[in-house]
Structure formats: structure tokens, C-alpha cells
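J.: Quick one: structure below, then a few questions.
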Amino acid sequence: MASKPSSPAPSGAGAGAGAAPSNTPTTEVQMIIGGYDVRFPFKPYASQIGIASRVLKALDTGTNALLESPTGSGKSLALLCAALAWQERWKADREAMEDSDVHEPGTGDVHDGGRDGPETKETEKLSKKEKPEKVPRVYYATRTHSQIAQVVRELKRTTYSPSMTVLGSREHYCVNQKARQNAKKKGAGGLGEECKALLDAGGRGREGTSAFNDDATTAKKPPTTGCSYSHGAIKLTSTVSKSEALLDIEDLVKLGVKTRGCPYFASKNMHETAELIFCPYNYLLDPGVRAAMDVDLNGALVILDEAHNVEDTCREAASCDVHLSELQLAAEEFSRVALEEEEIGELTRRREQHVGPSSAVSTNSSSPLPVSEHALLANVSNALARWLHGASDQDNPRCPLRPHGFERWIAVWSGGENVERQLRDAGVDTDNLEAIERARNFCVKNANDSKTSNNLRVNGMALKTCEKVLTSARYALRGRKGNYENKKSQSSNVNTSSDAYRLAVSKSFDEVNSTRTHQVTLSLWALNPALAFGDLTGPGQDSARSVVLTSGTLAPLESFASELGAPFPIRMEAPHCVDIATQVFAGAVSTGVMNSKLSGTFKTSVEFAYQDDLGASLEQWAREIPHGVLVFFPSYSLLDRVAQRWKATGAWKQIEQKTKKKLFQEPRGS
């Protein structure tokens with residue numbers, strides 16, 4: 001354990017940060033950087049001043065920045081202090097402008113008998129109705145919530161006290177232990193379903209509106225069931241706002257338990273007015289999560305800390321893996337609701353509202369009723385499921401599947417025309433994509449509306465399945481010829497088409513309780529991270545003012561910026577503490593100890609000879625290398641494939657026995 005330094009030192013938010021921040025009061029240091037008063041809790045290092053000056057320049061010019069500085073050099077603190085100093089100046093300038101507008105003499109001050117003219121009165125009425133301009137928000141995103149907790153501790157060391165919140169999932173915030181226990185029985189996503197069920201049963205949601213139908217008999221039922229914490233969400237929000245405390249997830253959860261208020265809905269309420277928002281960066285990069293959390297990046301400063309993983313996160317956000325069973329269940333769910341709508345005459349009622357009973361198009365007309373939103377999504381889900389079943393039918397001599405590793409078959413299509421053709425055959429193309437998206441938005445709104453009866457709500461699993469396919473298809477078909485012409489994003493400066501995609505159908509077999517089972521999966525893999533990243537940088541009205549990416553390992557910056565397909569005119573590479581000449585050796589091993597070619601390409605990596613030789617080579621290297629060894633794989637799929645092979649052949653156990661070193665495998669999502 002390292003001894004405590006005798007002088008205050010900056011600490012970063014990365015895993016390699018120095019000593020934990022002290023609670024002892026520190027002497028504030030105020031510096032003029034780029035024309036702004038920036039306050040630090042101690043005298044900043046040169047690298048921190050460099051980071052702060054470049055963040056302020058990016059905000060002033062509305063451009064993006066790439067900033068590399070070694071882990072532990074105080075990046076997080078410098079980023080926060082610079083961003084909040086700019087935000088303070090912005091608010092002060094707007095207040096000064098408002099004061100000058102109030103005291104500026106108007107035309108009504110001209111002495112004409114002591115009467116104000118009508119123009120002045122109209123102007124005063126309009127000025128009262130004008131909404132004040134919102135403060136540009138700061139979104140500070142990093143990889144995990146544990147890293148966010150470290151950054152919030154850094155913020156507490158400063159004298160800045162912005163209104164803030166930490167966005168998180170129900171898994172992080174829920175304090176209802178009974179709901180947590182019930183959710184475990186439902187598997188992944190069970191807590192969200194349990195939460196919605198409790199809100200419906202409780203009679204009052206977080207906004208305080210009735211969750212019962214408008215029927216008089218039903219509305220009088222007391223909320224004897226449901227989640228008692230949901231009633232206290234607004235009170236918890238008010239308590240935090242009045243205290244002006246800087247709370248991370250753990251702090252808000254403790255306060256929620258104490259006040260019996262729901263921290264999850266309180267954090268969402270605080271997000272509406274917060275000036276500083278912390279979140280994992282998939283909340284900003286994943287369009288589905290961004291929409292679900294009501295994240296509005298228009299004019300905001302987006303800081304992505306520990307951004308060396310951003311490329312992979314962007315690819316994952318634009319990619320999807322959907323199982324055949326999920327598509328079939330989604331089709332059944334959408335069909336169920338569509339049938340319910342027909343039985344109660346929902347379609348007829350809606351047409352009367354929009355067209356009117358006296359219109360030339362009468363409800364008694366023989367013309368067919370329009371297809372409902374739920375019916376449309378049922379048809380699309382069914383079409384996808386039928387296509388996927390046909391593409392994986394190995395009894396068909398034209399089945400495209402080919403062996404790919406142990407008990408697995410796969411078919412892959414690449415190239416824009418091939419991907420677009422397969423999607424069209426599956427029922428999704430540029431002509432119907434916009435209608436599918438409108439239907440999906442309607443179904444989500446309908447499912448979340450407390451006035452909607454349960455039998456007309458689609459479950460969360462079906463909506464999530466639809467969203468996954470729709471998001472990837474939207475990116476893949478963006479810019480292609482058709483009716484859906486890039487309406488969601490205007491990032492036309494990058495290759496945003498199906499050329500950057502691979503479409504795959506895979507079939508894997510397994511044995512569970514002596515029963516042979518199989519799983520069929522449709523995958524859309526995005527190869528270009530610029531597809532999702534372009535939503536942040538624009539151009540477009542919904543894009544951020546500035547995006548700042550920072551990490552200890554971003555170099556080479558030119559290729560990193562090129563991968564993301566966005567301009568980064570402001571850059572910085574701080575010197576590293578490691579002496580590259582004497583402490584780092586980089587080399588390539590082309591052949592393993594069993595004389596196999598160690599080329600981890602897509603084609604070679606599935607061969608058993610490669611996987612076996614890699615294990616034998618690792619065993620020999622680990623014998624010679626003292627202490628621990630960290631082995632990186634280019635993807636989780638390759639890691640899982642190699643680990644499965646080593647365990648099946650006994651190589652895993654042999655490596656541990658011969659090297660006296662325990663093998664640990666990093667789980668997905670860690």
C-alpha cells in the first residue's frame with residue numbers, strides 16, 4: 001500500500017489514480033486561463049492547465065477536442081473545473097444582458113403626456129412570455145458507475161456547486177427489496193417489468209397521476225399495492241435540490257431509503273433541470289438508451305473520459321444480435337395487442353377522431369380499415385422470423401450456413417448491396433423503415449401511458465427486440481435510395497450506409513439436461529464507429545456544442561479521429577511518465593511453438609490448430625515471464641471461443657498446473 005504523499009497531488013478518475021482525495025480543506029487556487037476564472041482546490045500541474053485551456057477553447061469555438069494525458073495526472077479535475085468555469089461565465093453574461101435590457105430606455109419613455117404607447121405594452125407582454133435561454137449542460141460520461149463515483153469525489157473537492165444528477169438504471173437505484181427479489185425470478189430486464197407492474201398497481205406514478213382507468217369504480221380503489229417509494233420521488237427530488245448537495249448513486253440511494261423516496265425517478269426528475277449530468281457513455285452513444293433516458297445533447301458540452309473504449313462502444317451501439325425465439329415472441333405479443341384493438345373497435349374510434357363521422361370516408365364504408373401500429377410491427381416481426389428460419393434451415397439444400405468452429409454454423413453477407421438485399425427479403429427496406437419507426441414510437445408511448453389498459457400494452461421484451469433491429473437497420477440504410485432519407489441524423493461527412501455493415505445468420509447447438517437444443521441468431525454488425533458517433537457531433541440541431549474525448553491512451557490521435565469520422569481541431573498529447581525507450585518492448589510473434597501461424601484473422605481464428613497453438617505458446621511464455629501476464633483478445637467472441645476450446649481439451653487446466661498461475665477470464669460488460 002502506497003504511503004500518503006506529503007504534499008497535495010492531483011488524482012484522476014482512472015483505475016491507476018493515486019491516493020484517495022483527502023477530506024481536509026485545501027487552499028483554493030484561482031487562475032485566469034483563456035480569459036476565464038478557473039478555480040482549483042490546489043495549484044494545478046502544467047498538464048492540468050493545458051487540458052483546461054483546450055476545453056475552454058473548444059467551448060468558445062464550438063469545436064471538438066482530443067486530449068491525451070497519463071492516468072493519475074488529474075484529467076478529471078481539470079475537465080470539471082474548466083467546464084464549470086465556462087458555465088459560470090455563460091450564466092453571468094446572460095444575467096448581465098437581462099439586466100441591461102431591463103434598464104435600457106424604451107420608446108415608451110418618450111414624454112408624450114405621461115402615456116406609454118401601445119407598442120411598449122405589447123413589447124412588455126411578449127418579453128414576459130419569453131422563456132429564458134437554458135444553460136448549456138455538461139454531460140460527463142465515463143465507462144462505469146464506479147468511475148463516476150470517483151469523479152463526483154473530485155467534484156466535491158472544488159468550490160463549484162452546480163445542480164447535478166447521476167443517470168443510472170433501476171438495477172443501480174432501486175431500493176424496493178421485494179421488487180428486487182421478484183425480478184430475480186424473471187431474469188434479465190425483470191426489474192424494469194416489476195417496477196412498471198408495481199406503478200400500475202399502486203395507483204400513482206412518480207408524477208402523481210392516477211394509474212387507474214377513468215372508470216369511476218376503478219378510480220376509487222385505494223393504492224393498497226404497488227411501490228411505496230414511487231410516491232416519495234418528488235419529495236426526494238425537492239430535498240436534494242434544497243440542500244444543493246453533490247450526491248453520487250450511493251449517496252442518493254441512502255437518502256432514498258431514509259426518506260422513502262425512489263432514487264431512480266428522483267434522478268430522472270433532477271435530470272430535467274440539472275446543469276451537470278454524469279452517466280456511463282453508452283447512455284450518450286446508444287440511441288435507444290439516449291431516447292429512453294430523455295437525453296438532449298443540443299448545445300451541450302459532452303466529455304467522454306477514459307475514451308479509449310469509445311470506438312467499440314459506438315460499434316456495439318449500432319450493432320444488434322436478435323434470436324429467432326425473441327422475434328417469434330415479439331410477433332406474438334404485437335399480434336395479441338392488434339387483435340385486442342380490433343375487438344374493442346379501437347381503430348374505428350381513432351379514424352372517427354381524425355376523419356370525423358360526417359366525412360366522406362364513413363366508418364360504415366366498405367373500404368378496409370388502416371393497419372394498426374401493433375399489426376404493422378407484428379407483420380414485420382413475423383417476416384423477419386420467417387426469413388431467419390428459412391435462412392437457417394439446414395434441411396434445405398440451398399441453406400447458406402457453413403461450419404464455423406465447434407457446434408456452430410454461420411453465413412455472412414458483406415457489402416452494401418448484399419446487406420440491403422437481405423434486409424429487403426426479410427421485410428425491412430428504405431420504403432417502410434419510416435413507417436416502422438412511427439409505429440414503434442406509438443407503441444412505446446402507448447405502453448408507457450398510465451391510461452392504457454393492460455391488455456393494450458406491449459411488454460418490454462417485444463419493444464426492446466423491435467428497437468434493437470430498428471436501430472441497426474436505421475444506421476445500415478441511412479443514405480440509401482428510398483423514402484427514408486437520413487431524417488434522424490445529418491452526419492453525411494462519413495460513410496453511413498450498409499457498406500459499413502455485415503449481416504450474419506448463425507446457428508449454434510448445445511446440450512441441456514441430455515436434450516440437444518439449438519439457437520438461431522440474426523446479427524447486424526457495424527464496422528464503422530462513426531455511424532453512432534456522428535449523432536453526437538452532427539452537423540444537426542440535436543448535436544452537441546463540443547465533444548471532448550480524453551484518456552491516457554488515445555495516440556495516435558490522427559487515426560483515432562479518422563475512425564470516429566469527426567473533426568477534432570483541438571488536440572493535446574501530454575508527455576507520459578513511462579520511458580518508452582527503456583521500459584517498453586513491442587514485437588510480433590508470427591509462429592507458435594507448434595509451428596502454426598498465429599494470425600488472429602476472422603478466417604484463421606476459428607481453426608482448432610490456431611487455438612491449440614495459442615494455448616501451448618501462452619503456457620511456455622508464462623513459464624518464463626515472472627509474476628502476472630495480461631492477455632488481450634481483439635473481441636469477446638474470440639476470447640469465449642478460445643476459452644471454450646482450452647477447457648474442452650484440458651489446455652486450460654494444464655496452463656494453470658505448469659505455470660502455477662491461475663487463469664481469470666474477463667466477463668462481458670465488465
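J.: For region 263-321, which GluC sites (Glu not before Pro) are in a loop by DSSP, counting at most 14 other Cβ atoms within 10 Å?
T.: On the way: sites: GLU272, GLU275, GLU306, GLU311, GLU316; in loops: GLU272, GLU275, GLU306.
Within region 263-321, the qualifying GluC sites (Glu not before Pro) (loop, at most 14 other Cβ atoms within 10 Å) are GLU272.
J.: Take peptides 373-379, 521-527, 93-99, 555-561 and line them up by average Cβ neighbours within 10 Å, highest first, as a rough protection proxy.
T.: In decreasing order of mean packing, 373-379, 521-527, 93-99, 555-561 become 373-379, 521-527, 555-561, 93-99.
J.: Still on this structure, please answer the following. 7 Å from Cα along Cα→Cβ at both ARG39 and SER635: what's the point-to-point distance in nm?
T.: 5.0
J.: How high is the FRET efficiency between GLU343 and GLU656 when r is their beta carbon distance and R₀ equals 51 Å, given to the nearest 0.05?
T.: Here the calculated transfer efficiency is 0.25.
J.: Count charges around ALA92 for me, please; just the other residues with Cβ under 12 Å from its Cβ, Lys/Arg as +1, Asp/Glu as -1.
T.: With Lys, Arg at +1 and Asp, Glu at -1, the neighbours total -3.
J.: Applying 1/(1 + (r/R0)^6) with R0 = 45 Å to the Cβ-Cβ distance of THR452 and LYS235, what FRET efficiency is obtained, to the nearest 0.05?
T.: 0.95
J.: Please list, or write none, the aspartates and glutamates whose alpha carbon is within less than 14 Å of the alpha carbon of LYS658, excluding same-chain residues fewer than 8 places away.
T.: GLU619, GLU624
J.: I need the calculated FRET efficiency for the pair LEU598 and ASP393, taking r as the beta carbon distance and R₀ as 25 Å, to the nearest 0.05.
T.: Once the sixth-power term is evaluated, E becomes 0.10.
J.: Shifting gears a bit: Enumerate the aspartates and glutamates that LYS258 could reach by cross-link, defined here as Cα to Cα under 19 Å, with residues fewer than 8 away along the same chain left out.
T.: Of all the aspartates and glutamates, those that pass the test against LYS258 - Cα under 19 Å, at least 8 places apart if same chain - are GLU171, GLU244, ASP248, GLU250.
J.: Which of the peptides 626-639, 447-460, 320-333 is most tightly packed, and how do the rest follow, going by the mean number of other Cβ atoms within 10 Å of each residue?
T.: Packing order, densest peptide first, comes out as 320-333, 447-460, 626-639.
J.: Just to confirm a number: summing +1 for Lys and Arg and -1 for Asp and Glu over residues other than VAL253 whose beta-carbon lies under 14 angstrom from that of VAL253, what do you get? It would help to have the intermediate numbers written out before the result.
T.: Values: positive: ARG170, ARG180, LYS254, LYS258, ARG260; negative: GLU171, ASP248, GLU250, ASP251.
Counting the neighbours of VAL253, the net charge comes to +1.
J.: Right, another one. Over 18 Å between Cα atoms: which of LYS43/LYS91; LYS186/LYS507; LYS196/LYS451; LYS185/LYS254; LYS597/LYS662; LYS235/LYS445 fall into that group?
T.: With Cα atoms farther than 18 Å apart: LYS43/LYS91; LYS186/LYS507; LYS185/LYS254; LYS597/LYS662; LYS235/LYS445.
J.: Can you tell me how much longer the chain between LYS156 and ASN441 gets when fully stretched, taken as 0.36 nm per residue apart minus their C-alpha distance, in nm with one decimal?
T.: 98.6 nm
J.: How would you rank 390-396, 510-516, 189-195, highest first, on the average number of other Cβ atoms within 10 Å across their residues?
T.: The most tightly packed comes first, giving 189-195, 390-396, 510-516.
J.: For region 556-654, which trypsin sites (Lys or Arg not before Pro) are in a loop by DSSP, counting at most 16 other Cβ atoms within 10 Å?
T.: Here the sparse-neighbourhood loop sites are LYS603.
J.: In percent, how large is the relative contact order of region 534-649, given Cα pairs closer than 8 Å and 6 or more residues apart?
T.: Here the relative contact order equals 14 percent.
J.: Taking the Cβ of LYS57 as the center, what net charge do the other residues with Cβ under 14 Å away carry, scoring Lys and Arg +1 and Asp and Glu -1? Provide the component values of the computation, followed by the final result.
T.: Details: positive: ARG54, ARG89, ARG545, ARG571; negative: ASP60.
Here the charged neighbours net out to +3.
J.: Can you run phi through the Karplus equation (6.51, -1.76, 1.60; θ = phi - 60°) for region 649-661 and list ³J(HN,Hα) in whole Hz, with x for Gly and Pro?
T.: 8, x, 5, 4, 5, 5, 4, 5, 6, 6, 9, 6, 10
J.: Tabulate in residue order the Karplus-calculated ³J(HN,Hα) for region 149-166, using 6.51 cos²θ - 1.76 cosθ + 1.60 with θ = phi - 60°, rounded to whole Hz; enter x for Gly and Pro.
T.: For region 149-166, the Karplus curve yields 4, 5, 5, 5, 4, 5, 4, 5, 6, 8, 9, 6, 9, x, 5, 9, 7, 10 Hz.
J.: Turning to a different aspect of this structure: Work out, step by step, the length gained on full extension between GLN519 and ALA96: first 0.36 nm times the residue separation, then minus their alpha carbon distance; give nm to one decimal.
T.: That works out to 145.9 nm of additional length.
J.: Let me ask something additional. Could I have the simple spin-label model distance between ARG180 and THR649, label points 7 Å from Cα toward Cβ, reported in nm to one decimal?
T.: 4.3
J.: Still on this model: Which shape class applies to region 495-547: rounded if a/c is under 1.5, otherwise prolate when a/b exceeds b/c and oblate if not, where a ≥ b ≥ c are the square roots of the Cα gyration tensor eigenvalues?
T.: prolate
J.: Write out the GluC sites (Glu not before Pro) in region 602-654 meeting two conditions: DSSP loop, and at most 16 other Cβ atoms within 10 Å of their Cβ.
T.: GLU607
J.: Would you calculate the volume per residue, in Å³, of the smallest convex hull containing every Cα atom of region 128-200? Don't skip to the end; give the middle numbers.
T.: Numbers: hull volume 12.6 nm³, N = 73.
Each residue corresponds to 172 Å³ of Cα convex hull volume.
J.: What is the set of long-range amide H partners of GLU573 at a cut-off below 5 Å, with H atoms built 1.01 Å from backbone N?
T.: GLU68
J.: Could you list which residues have their amide H under 5 Å from that of PHE42, counting only those 5 or more apart in sequence or on another chain, with H placed in the peptide plane?
T.: Residues meeting the criterion, in which the H sits 1.01 Å from N, are VAL29.
Values quoted throughout were computed directly from the atomic coordinates according to the rules given, and no laboratory measurement underlies them. Keep in mind it's a predicted model, so treat the numbers as computed, not measured. All Cβ positions, even for glycine, are placed from backbone atoms using ideal geometry, and neighbour counts span all protein chains on display.
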